[in-house]
1. Ranked by Cβ crowding within 10 angstrom, fewest neighbours first, how are 62, 43 ordered?
2. Using alpha-carbon pairs under 8 Å, 6+ residues apart, how would you state the relative contact order of region 22-126 in percent?
3. Sort out for me the Cα centre separation of region 86-141 from region 52-77, rounded to whole Å.
4. With mean projected area of the Cα convex hull in nm² defined as stated, name the option among (i) 9.2; (ii) 10.4; (iii) 7.8 computed from the structure displayed.
5. Could you give the angle, 0 to 90 degrees to the nearest 10, between helix 3-15's Cα long axis and the longest principal axis of the Cα atoms of the chain?
6. Mind checking the angle between helix 56-72 and the chain's longest principal axis? C-alpha axes, 0 to 90 degrees, to the nearest 10.
7. Say we join alpha carbon atoms closer than 10 Å with springs in a Gaussian network model of the chain; which of 12, 98, 26 then has the biggest fluctuation?
C-alpha cells in the first residue's frame, strides 16, 4: 500500500470520529506510522473550575485518537483499529488557556497488534502534560 493511501486512511479515520469533532481536535500532521493532533483549550472541558485545568478525560481522548491515527497511517495496518490497552501517565496539569498537542508513533506491528507511544504537550514542550503507551488492534488489512 502506498504512503499516500495510508495517510488518507488516517485522515478519514479521524474525520469519522464524532468525539474528535466535539473536542475540537485538528490533524496537524500525518506521516507513515505517525500522527500529530491538537486540541484547543475549551471551557466546556475544564475538570477543575477553580484552576481552569482541562479534565484528564479530554487529554486521554486526544492521546487515544492520535494513537489510533498513527496505527491506521502505518502501511502494514488494516483499515480499522480499536484500542486494546492504553496506559497514560499524567505528568502535570495542562496550562489553562493553552492548546494541547499530541504526537503518536506506531513503533512496532505484528499481524494483529500495533504498539504506539505518544506524548502530549502544551506550550512548554520541555515538560509533557502526559505520555502514553498503547496496544491497538490491526484488523481488516487492505489489499496490497
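Read the figures in this text as sums done on the coordinates, not as results from a lab. Source: prediction; values computed, not measured. Note that we place each Cβ from the backbone using ideal geometry, even for glycine, and neighbour counts take in every protein chain shown.
1. So the residues, fewest neighbours to most, are 43, 62.
2. Dividing the mean separation by the residue count of region 22-126 yields 30 percent.
3. If you average the Cα positions of each part, the centres end up 6 Å apart.
4. So the calculated entry is the one marked (iii).
5. Value to nearest ten degrees: 50.
6. With both axes taken from Cα atoms, the answer is about 20 degrees.
7. Most flexible of the set in this elastic network: 12.
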